[in-house]
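Worksheet: one structure, shown below.
The values are calculated or read from the model by the stated rules, or taken from the named source; none is laboratory data. Predicted model only: the values in this text are computed from it and were never measured. Heads up, the Cβs are rebuilt from the backbone with ideal geometry, glycines too, and the neighbour counts pull from every protein chain shown. The area values use the complete protein model at the heavy-atom level, side chains included, leaving out ligands, DNA and RNA. Shrake-Rupley method; radii C 1.70, N 1.55, O 1.52, S 1.80 Å.
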Amino acid sequence: SEDLRWRIIYCQAEGFTQKEIAKRMYVSETTVNKVCRIFKKWGCVRDPFAGRVGRRKIFTRQDMLVLERLVNDKVDWYLDELVYEMEQRIGKVVSIPTLWRSLQFCGITRKK
């Protein structure tokens, strides 16, 4: 957690060695070394240029707005019909599970 990372930096500022910090915080010395190196380089405890984990989302924010409007307009459509209509409107082909995850991301878990 970010709180633990800051505690590591505070302990280092108080003069503890990396081995002592690792023992006190119940983390590995490698973790302590990594946090200290990032702090020395960037002045914060998380690397600001580290990418997000996982794949990028297929739909952009504008695509998600199109999907939300489509679901609001066509409340009785099935998911396969939504997939086809999204392909027609934005030109991106997605699977039904991908569309379902996108709907869940929008907060739409049921079509009532």
#### Entry: Mean-position separation - Cα centroids, the stretch 5-31 and the stretch 46-65, in angstrom
32 Å
### Summary
The helix 96-105 Cα axis meets the longest alpha-carbon principal axis of the chain at an angle in degrees, between 0 and 90 and rounded to 10, of 60 degrees
### Message
Compute the angle between helix 29-42 and the longest alpha-carbon principal axis of the chain, please, reported from 0 to 90 degrees and rounded to the nearest 10.
### Response
80 degrees
#### Entry: Cα shape, the stretch 61-106, gyration tensor, a/c 1.5 rule
rounded
### Task
Could you pull out the chymotrypsin sites (Phe, Trp or Tyr not before Pro) across the stretch 22-100 that fall in loop regions by DSSP (anything but H, G, I, E, B) with no more than 15 other Cβ atoms inside 10 Å?
26, 49, 77, 78
### Task
Measure nothing but the geometry: give the 0 to 90° angle between the long axis through the Cα atoms of 2-13 and the longest principal axis through the Cα atoms of the chain, rounded to 10°.
20 degrees
### Query
How many nm separate the modelled label positions at residue 66 and residue 49, each set 7 Å beyond the Cα in the direction of the Cβ?
3.4 nm
### Task
Treat each spin label as a single point 7 Å out from the Cα along the C-beta direction, and report the residue 37 to residue 98 distance in nm.
3.6 nm
### Message
Give me the percent relative contact order of the chain, please, defined on Cα pairs under 8 angstrom at least 6 residues apart.
### Response
16 percent
#### Entry: For the chain, accessible area per residue (1.4 Å probe, heavy atoms of protein chains only), Å²
79 Å²
### Solvent-accessible area, 1.4 Å probe, carbon plus sulfur percent, for the stretch 2-42
50 percent
### Query
With each pseudo-label sitting 7 Å past Cα toward Cβ, what's the residue 110-residue 89 distance in nm, one decimal?
2.3 nm
### Message
Under a Cβ-only charge scheme (Lys and Arg +1, Asp and Glu -1), can you give me the dipole magnitude of the chain about the Cα centre, in debye to the nearest 20?
### Response
460 debye
#### Entry: Largest-first ellipsoid semi-axes for the chain, taking √(5λ) over the Cα gyration tensor eigenvalues, angstrom
49, 14, 11
